[in-house]
Structure formats: C-alpha cells, structure tokens
1. Are there any pairs with C-beta distances below 6 angstrom linking a residue in the range 169-186 that is outside the structural domain of Lys206 (by TED's automatic domain parsing) and within 24 Å of Lys125 (Cα to Cα) to a residue that is hydrophobic (A, V, I, L, M, F, W, C) and not in a loop (DSSP other than H, G, I, E, B), with the two at least 6 apart or on different chains, and if so which?
2. State all residues of the range 157-174 that are in a strand (DSSP E or B) and either closer than 14 Å to Thr228 by Cβ or modelled with pLDDT under 95 (or both); if no residue qualifies, say none.
3. Quick check on my filter: what residues within the range 207-229 are under 29 Å from Phe118 (Cα atoms), assigned to a loop (DSSP other than H, G, I, E, B) and in contact with a Leu (Cβ under 8 Å, 6 or more places away or on another chain)?
4. Within the range 246-284, count every residue that is over 27 Å from Ala157 (Cβ atoms) and not hydroxyl-bearing (Ser, Thr, Tyr).
5. Name the residue, out of Val154, Val197, that is closer than 22 Å to Ile249 by Cβ, not small (Gly, Ala, Ser), not assigned by TED's automatic domain parsing to the domain that holds Glu103 and not in a loop (DSSP other than H, G, I, E, B).
6. So which residues in the range 260-277 are of a type in the set (Ser, Thr, Tyr) and surrounded by 14 or more Cβ atoms within 10 Å (Cβ to Cβ), if there are any at all?
Amino acid sequence: MNLNAFFRSTKFRVLLCVLAVLTGIMLYSLKSGAHTDYLTRALRGVTAPVRRFSASVSGSVSEKLDTYYQSKAYRDENARLRQEIADLNNQLIGFDDAMQELEALRDQLSIKEKHSDFELSEPCKVLMPLTNDMTRGFLIDRGEEDGITLNSPVVCADGLIGVITEISPHYSTVTTILSPELSVGAVVLRTGDSGIVEGDLRAAAKDQAKMMYLDEKSTADAGDLIITAGTTGLFPYGLPVGNVTETGIEDTGLAKYAIVAPSVDYASLEAVTVLLDFEGKGESFGE
C-alpha cells in the first residue's frame with residue numbers, strides 16, 4: 001500500500017474536513033450546555049451520513065495500515081529466516097570441509113602405516129578434472145611452494161594414482177596411470193612376472209590401463225594384483241597399481257598383455273598425497 005498517495009488523495013482531504021466539522025460541533029455543544037440539546041440533536045441528524053462516511057473511511061484506513069504493518073512483519077520474518085538458513089548452510093559447508101580434511105588425514109595415516117619411510121606432502125585437494133580428459137588427469141592445490149617437484153608420485157591409501165607432470169608455485173597437474181604418456185614398471189605379485197603398465201586409449205575409455213611386455217609364458221590371470229616394481233627410481237616398490245581383469249597375446253605373438261583395473265577409484269577422489277621422498281628415489285636398478 002502507498003500511504004503517500006493516500007494522504008494526497010481527495011478521500012483523505014474530505015475526511016479532514018469532516019473531522020474539522022465534527023470537532024467544531026463538539027466544541028460548540030460543550031460551550032452552549034443543555035440549551036443546545038435541540039440544536040445538537042438536529043445537527044447529529046444532519047451529520048449522521050457524514051459520520052457514517054467518516055467511520056467507513058477510518059475503518060478503511062485502519063485496515064490498510066494493519067495490512068501494511070503485517071506485511072512488513074512478514075518481510076522482516078522472512079529476512080530473518082533467510083539469514084538463519086544462510087548461517088546453517090555455512091555451518092554445513094564448514095562441517096563438510098572438516099570431514100574431508102579428516103578423511104585425508106586418515107588416508108595419509110594409512111599410507112604411513114604401510115610405508116614408514118615415505119616423506120609425504122600435506123593433503124592435496126582435488127580441484128577439478130582436466131577438460132575432456134578421458135584419462136582422468138586433474139589439478140591439485142599444492143605446488144612448488146609446498147615442496148612438490150615434477151615427476152613426484154601421487155598416491156592415496158588405495159595405491160598409485162599417477163605423477164606430477166606440470167607445476168606452478170601453488171598448483172600442480174596430475175597425470176594418471178590411465179594416460180599413454182605415463183609408463184610404470186610393475187610386477188604381478190603372485191607370479192613375479194614383470195612388465196610395463198601404460199595408458200591405452202581403448203582401455204582408458206573403461207577406466208582401465210594395460211600391462212605390456214609380459215612373458216608369453218606368464219601365468220598372470222584375472223584377479224592378480226599388480227604392484228610397482230621400484231626398479232627405475234621414479235616409484236617406490238610395492239604400491240598397488242590395480243588388478244588384472246583379462247589377459248591376451250599381443251598381435252606379434254611374442255608377448256602377453258594384461259588389462260588392469262586401477263586400485264584407485266578416480267571418480268571419487270577428493271584428496272591425494274604426493275610422495276616427496278622415499279627409499280631408492282632416483283636410483284635405477286643395478287646402481
């Protein structure tokens with residue numbers, strides 16, 4: 001309701017005039033006393049329609065004022081509730097961040113329990129996947145200022161994720177074992193057969209990698225665990241890489257291959273750890 005417009009309206013001016021007339025009559029009646037009863041009754045009869053009109057206008061004004069103040073109360077209450085919801089949402093975001101940090105620390109503790117010689121970075125938050133990258137590459141929120149260097153292995157409690165391939169002071173790019181750009185010396189834990197795990201675009205479409213150069217007589221089979229060989233100095237020995245899903249013979253007929261499902265679920269990664277140092281880092285087999 002626009003009160004300014006009402007106060008400027010003809011209806012409001014008429015109401016003021018009526019109130020002025022009634023006030024004058026009341027004052028005159030008080031001054032004249034009982035001798036004016038007849039005149040007062042006559043004036044009351046004459047002004048009755050005016051009083052009814054005045055009462056009608058007053059009721060309308062009162063109703064509109066009530067509506068205005070009720071509406072304002074509703075708006076104030078709505079604003080208060082919105083602020084409470086915003087505060088609760090901020091608390092939920094803070095709680096979620098705290099839970100993610102706790103999970104990341106638990107993950108690091110699990111790594112430390114298995115590999116006490118590892119020097120680990122602070123937990124690194126996975127910021128975003130690389131655009132249109134079917135090999136699951138992604139960006140993390142740690143870089144050179146955090147002691148991270150190129151080709152550092154990236155892991156979680158489930159096993160090897162990949163390596164650092166690009167770096168800036170505060171951010172790094174992780175290339176995963178699903179990428180054809182990355183080769184990892186690996187061993188079939190059960191049989192001891194060695195080979196190279198590399199990304200293969202056909203396998204990457206199913207979130208899998210390929211282990212090549214297995215001996216043609218290898219008995220590696222579905223379900224076998226593949227671990228890092230630790231022979232190049234780029235990766236420590238014993239990190240889980242994945243499990244064999246199928247095997248076959250290369251087209252040359254001279255070697256066997258295995259398709260490997262990674263130990264890590266890339267789609268659910270929220271935090272990772274970078275290996276800053278480990279026993280045998282930079283030392284190739286035989287050195």
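The values are calculated or read from the model by the stated rules, or taken from the named source; none is laboratory data. All values derive from a computational prediction rather than experimental measurement. Cβ: placed from backbone, ideal geometry, glycine included. Neighbour counts: every protein chain shown.
1. none
2. If the condition is that a residue be in a strand (DSSP E or B) and either closer than 14 Å to Thr228 by Cβ or modelled with pLDDT under 95 (or both), then Gly159, Leu160, Ile161, Gly162, Val163 are the ones that fit.
3. Residues satisfying the conditions are Asp207, Gln208, Asp224.
4. 8
5. Val197
6. Ser263, Tyr266, Thr273, listed by residue number.
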